[in-house]
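Engineer: The following block contains the structure, expressed as structure tokens.
Each reported figure results from applying straightforward, stated rules to the coordinates on display, with no laboratory input. Keep in mind it's a predicted model, so treat the numbers as computed, not measured. Here the Cβ positions follow ideal geometry from the backbone for every residue, glycine too, while neighbour counts run over all protein chains shown.
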Amino acid sequence: MTTTSAMLPVLLAVPAAGAAVLTLAPLSDRAARLVGVVTTSAALVVSVVLAADFDYGNGARLQHVIDVRWLPALDVRFHLGVDGISLPLVLLTTLLTLLCAIHTVGSTPEPGRPRQLLALMLLLEVGVLGTFVAADLIVFFVFFEIVLIPMYFLINIWGGPGRRVAAVKFILYTLLGSALMLVGFLVIYSQAGTFDMVRLGREHGAHLSSGIQLLAFVLLMLGFGIKSPMWPLHTWLPDAHTEAPTVGSVLLAGVLLKMGTYGLIRIAVDEVPDGARRAAPALAVLAVVGIGYAALACLGQRDLKRLVAFSSVGHMGFVLLGIATLTPIGLQAALIGNVAHGVITGLLFFLAGAVKDRFHTSELDELGGGLLAKLPMTGGAMLFAAIASLGLPGLAGFWGEMLAMLGAYSPGGGSSRPLFVTLMALAGVGTILTAVYFLAMLRRIDFGIVADRWRDVAMRDVAVTDVVAWTPLVVLAVAIGVWPRIVLAVGESAVSGLLR
Amino acid sequence: MHLALAVVLSALLFGVGVYGVLARRNAVALLMAVELMLNAANLDLVAFDAYWRDRLHGGQVFALFLVVIAAAEVGVGLAIVLAVFRLRDTSDVDELTELAEHEPAQVADVTG
Amino acid sequence: MSHWAWLIPALPAIAAVVGLFTARWMPGGPAVPAIAGTAGALGVAVAALAVVEDAPARIRESSVEWSPIGGMTLHVGTRMDGLAAVVAVMVCVVALLVQIYSTAYMAGDPRYSAYAAEVSLFTAAMLLVVVASDLFELLIGWEVMGLCSYLLIGHYWQTEGARAAAVKAFITTRIGDTGFLFGIFVLGLGAHTFDISGVTEQASSLSHTTVTAGALLLLAGVVGKSAQFPLHVWLPDAMAGPTPISALIHAATMVAAGIFLLARLYPVFVAAPVALTVLGIIACITMLGAALAALADDDLKRVLAWSTVSQLAYMAAGLAVGGWTASVYHLLAHAAFKALLFLAAGSVLRTVGTNLMSEMGGLWRAMPVTSITAAIGALALAGVPPFAGAFSKDGILAAARERGGGLGTAVFVVGLVTLAVTAAYVTRLFVRTFLGGYRGRAQLHESPLVMTGPLVLLSALVLALGLPALPHRYGVSRWLGAPPSTRSLHVGIGEVALTTLIALVSIGAVLLLHSRRPATDPVAVLGPVARPLARAFYVDEVYDTTLVRPVRALARGVVRVDSGGVDAVVVDAGRTAGFAGGALRRLQRGNIQGYLTGLVAGVLVVVISVSLAVAR
């Protein structure tokens, strides 16, 4: 279908317009927050309309396509489209950004300035949505880069005491990743002669020599691996998450990390499959090392937000393992793992942020225990989120982890079965360790007796905005856990199309 | 006259000029050495024009170009030297180091 | 029935959600939805039982499409047969009695609404395991049970003991559950379906390695959930939870789920005799070891916990030697008499305020109902006919004897020895708690009707459950659809006589020891041997040294490596760039002639190289 649909440009234009309004118009704080909520709601509505209008039977094909001339000298067209792989991520992004805007209504981090905060958030949203719907490599790259600047400022201005270092580390490290990624794109272009992702996907690496494919895949793996993050390229993440404000952490974990794994699926696996086949064992090994390493690191953490940050590394390890298996099951694992992680870890960061707001610290030793007694709703939500995050069957996190291991049991792409089964077993040990650290965390802060220093301090448990922000995530975690079809069915045909 | 004579002379003059530029401390002497280099190049151009004898006389044309440029350059250069001398009371090139990179007072270690 | 069997797990689940969110406004308190939900499920389960009665071996299945995964499709639904219906009824009965009992036991507890909701959720999850038609559906129920167990063990989370015990329980069972998950992978991918019916039907046609590997991995889950060696360590500690929970979860239902799984998927194990042998060995070790540990523990609830471990091992051993009907019968009997014993213990603990038997004694005078019902439970546990538990144990021993071979003989011998030890420890328990003189300081009184009522009901049940041993209308063989190639239940007079004799001798020996020295613990007669028994052969200590401490140390190491090693690479790369900049900075001296010298040198190099290149 080559009819031009305006839905995707509208989807991108709505938050961009909101950002422009917030930047240029001299609004009061209240008005700015209102504009933020209205814009993100509008974006969510557009994405829901997109989902309603989506042809689920044809999930493999790009829909709502727009394909116009843009930079003919560089052989770049402005080509956008959404398919079964990107649709859930688009919905996740618009939902999380809306929840962040609602959270900002409730509480704005130091030093205030909600106008600028929301403008940057909306700009971030444009970048992320653009990445997910891009169908041309350079368009993808442009939107990928657009994401970095707002996040840098989000951390640098509204972050914690160590924000300068964390922000610089974040942006330089991910820029390095972007550079590697760009080189990878150019390598692909040099032999394939096109930047168009649809054509490259259809060709499936036919015009690319095996050596070039491997080179391109390795470059893309490193570039996207920094973003995912993949061990050992993960060290920017804990610092960035610890210092970022709540909305920054939620968006970083909930949405930005998905860009890396999405890129791997959409570009690396689809366009250089030969390279993927040869590098898959390495990717799988690094993924599983990440799972175990992150779990052990979490066990030794002293700061709540850092602990949740490392848990992200572990979860994305499962997603990467799923991708490395190069099977429909494995890729499905990656898709649902992405969505589940976004929902659950987004919730965890909201909660960690709430705790930090009330207690003015996120050090586990200083928080003491008894959160369930002091702040029952927050403590209860924390209990739920931790249980969901450790992958209890019946909640969303289970499916990503389980399907990744199932995919590893019989890997595709000619990978060595003994290796992958060993990795599967190690990943299983990783799930045990994940349970250990989450339960240890709950034991330290949720249960137990309230520490003396906090006993008489008055704290509000939850505000209306908190309930509104957390409830959709709780509901989604249960819904996806009990009825995984809502994510898996969407991507089914697209995934099998990727692996022809 | 043999071409080689003019070329060698030009090279020698150029060499003297380079020495003067790199080694003289007085700014005016430095400018004189630059003049010497320019005129060496001029000599080369004239000699080769005499050798090739082409219709456009490119060598002679460019020699005239060079004369004009040298004159302009000396004018501006001496004006700068005079201004500097009035300000700093010296025309010693080694004293004029404002363009240097100083060690910053405190290294801002952004890598933490 | 296909259309309404799903109500069995659904009703308690709805009750849990309703109870949790409307606790404040519900007239009558949080108990109302909890009891209503469980009672409703009981009603539906009894109706299901009535439906399957005529053909218990026939499977009535109903499922809907659940989710695509890769090339396969998962279905979710219900799979009812005699086994599922009977066990469902058992679960509902015990859960209902526990909910009623809890209204008194937990009266005044500030978190009672959460407790009641968690118990309802647990009931729903266990029922889901019982009626599930798909392996992943079963796994969801399995793990949600584990979650509720964690929450309920940790109910008194202000105390360190409860917190630690809850985590230990969850992690230990999770270790088993990981193996369980892998077993599902192996069997499901081998049979190209994750439906339980599909897997059991194809079990005999799968390759030998596949089915053996799958069965062994499933065993890991059984060992974890049913607290068998070596994953038994969580159950005694789990006694830190409220006693009604110990009765429900850690005696009658959750721990029985492992045995239920074995029974449900029996065709898979039959096709993998190696797995059955391994099961038998584990069962023998656990049976005797746990019974010995029960002999020396001073904590009333811990004795009952060790007893549960031992009795579960009996059931496992029965399944290992092909005595399917006998094992399931023992599961039902054990549910009844163990729940009875735990609830009686709860009645005692609530009165005397301590778990330690050294501070009890002589309670029969002040608590007659509790004492008599406890005596009935004790006799059933010891295996004295005609109480429940007698004939089922005999059935298991008979099956072992019939099977013969190494495994059969081992199970038979160990089973008999364990029988003796069992009778001994339960007599010790009764004697230390109810007989002699009172050694404590509390005000003694009988418990209220809401608590003694369930005790009496359960005693009646324990008495009645002796009957189903016979092959008549209410005989257990008639109500369960035993799979083929299992041994049917029959109890010979010789067996019964032998086991009764052994039991009575043990009971008599302990009573004799007690009457000689009423104040001391009868186990003291064992002297220095008592110490390792009381410490359960130091298994916990071994795990602490070999697993817990190294993992903690490893965690600390990883954190150090991360900030000092992996991150250091990144940070040092940044610092190197800074230093390089600083070094290059030194070239800019501001001296024009320096720059010009460099320029001239560069030009010379270029000119020379170009001329050389051109000359070549």
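Engineer: Which FRET efficiency value, to the nearest 0.05, do you get for residue A:13 and residue A:183 by plugging their Cβ-Cβ distance into 1/(1 + (r/R0)^6) with R0 = 35 Å?
Structural biologist: 0.65
Engineer: Ranked by Cβ crowding within 10 angstrom, fewest neighbours first, how are A:303, C:134, C:540 ordered?
Structural biologist: Going from sparsest to densest Cβ surroundings: C:540, A:303, C:134.
Engineer: If you count, for every residue in C:551-562, the Cβ atoms of partner chains within 10 Å of its Cβ, what is the mean?
Structural biologist: Going residue by residue through C:551-562 and averaging, the value is 6.
Engineer: For residue C:613 and residue C:57 in one chain, what is 0.36 nm times their gap in residues minus the Cα-Cα distance, to one decimal in nm?
Structural biologist: That works out to 190.8 nm of additional length.
Engineer: Please report the relative contact order for chain A, taking Cα pairs under 8 Å with a sequence separation of at least 6, and give it as a percent rounded to a whole number.
Structural biologist: 16 percent
Engineer: Just to confirm the number: angle between the C-alpha axis of helix B:27-52 and the first principal axis of chain B, 0 to 90 degrees, nearest 10?
Structural biologist: 30 degrees
Engineer: Moving on. For the protein assembly as shown, count the residues as N, evaluate 2.2 N^0.38 Å, and divide the Cα radius of gyration by that value, please.
Structural biologist: 1.18
Engineer: Other chains' Cβ within 10 Å of A:430-439 residues: what's the mean?
Structural biologist: For peptide A:430-439, the averaged partner shielding equals 5.
Engineer: Starting from the eigenvalues of the Cα gyration tensor, five times each then square-rooted, give me the equivalent ellipsoid semi-axes of the range B:3-90, largest first, whole Å.
Structural biologist: Largest first, the range B:3-90 gives 31, 16, 4 Å.
Engineer: What number does the range C:62-106 give for Rg over Rh if you use C-alpha atoms and the Kirkwood radius?
Structural biologist: 1.29
Engineer: Mind computing the radius of gyration and Dmax over the alpha-carbon atoms of chain A? Å is fine for both.
Structural biologist: Taking only Cα atoms of chain A, I get Rg and Dmax of 21.4, 70 Å.
Engineer: Can you tell me, using C-alpha contacts under 8 Å and at least 6 residues apart, the relative contact order of the range B:3-90 as a whole percent?
Structural biologist: 27 percent
Engineer: Another question, if that's okay. Based on alpha-carbon centroids, what's the gap between the range C:516-534 and the range C:359-405 in Å, whole number please?
Structural biologist: Answer, in whole Å: 22.
Engineer: Quick check: the angle from helix C:449-464's long axis to the longest principal axis of chain C, C-alpha only, nearest 10 degrees?
Structural biologist: So the inclination is approximately 70 degrees.
Engineer: Still on this structure, I have one more. Evaluate E = 1/(1 + (r/R0)^6) for residue A:6 and residue A:460, where r is the Cβ-Cβ distance and R0 equals 60 Å; express this FRET efficiency to the nearest 0.05.
Structural biologist: Working from the Cβ atoms, E equals 0.85.
Engineer: Once you've got the Cα coordinates, tell me which of A:258/C:225; A:227/C:225; C:225/C:393; A:356/C:168; A:305/C:301; A:169/A:356 are over 32 Å apart.
Structural biologist: Where the Cα-Cα span goes over 32 Å, the pairs concerned are A:258/C:225; A:227/C:225; A:305/C:301.
Engineer: Something else: For Cα pairs less than 8 Å apart in space and 6+ apart in sequence, what is the mean separation divided by the residue count of chain C, i.e. the relative contact order in percent?
Structural biologist: Taking the mean separation of contacting Cα pairs over the length of chain C, I get 12 percent.
Engineer: Follow-up question, since we're still on this one. Using the alpha-carbon atoms, what tilt in degrees (0 to 90, nearest 10) does helix C:368-382 show relative to the longest principal axis of chain C?
Structural biologist: Roughly 70 degrees, rounded to the nearest 10.
Engineer: Order by neighbour count: C:73, C:253, A:378, fewest other Cβ atoms within 10 Å first, most last.
Structural biologist: So the ranking, lowest neighbour count to highest, is C:73, A:378, C:253.
Engineer: Separate question: Can you give me the C-alpha center-to-center distance between the range A:430-500 and the range A:362-405, rounded to a whole angstrom?
Structural biologist: Cα centroid to Cα centroid, the span is 5 Å.
Engineer: Let me ask you something else. When a footprinting reagent is the concern and you count Cβ atoms within 10 Å, what order do A:56, C:543 take, fewest first?
Structural biologist: Listed from fewest to most nearby Cβ atoms, that is A:56, C:543.
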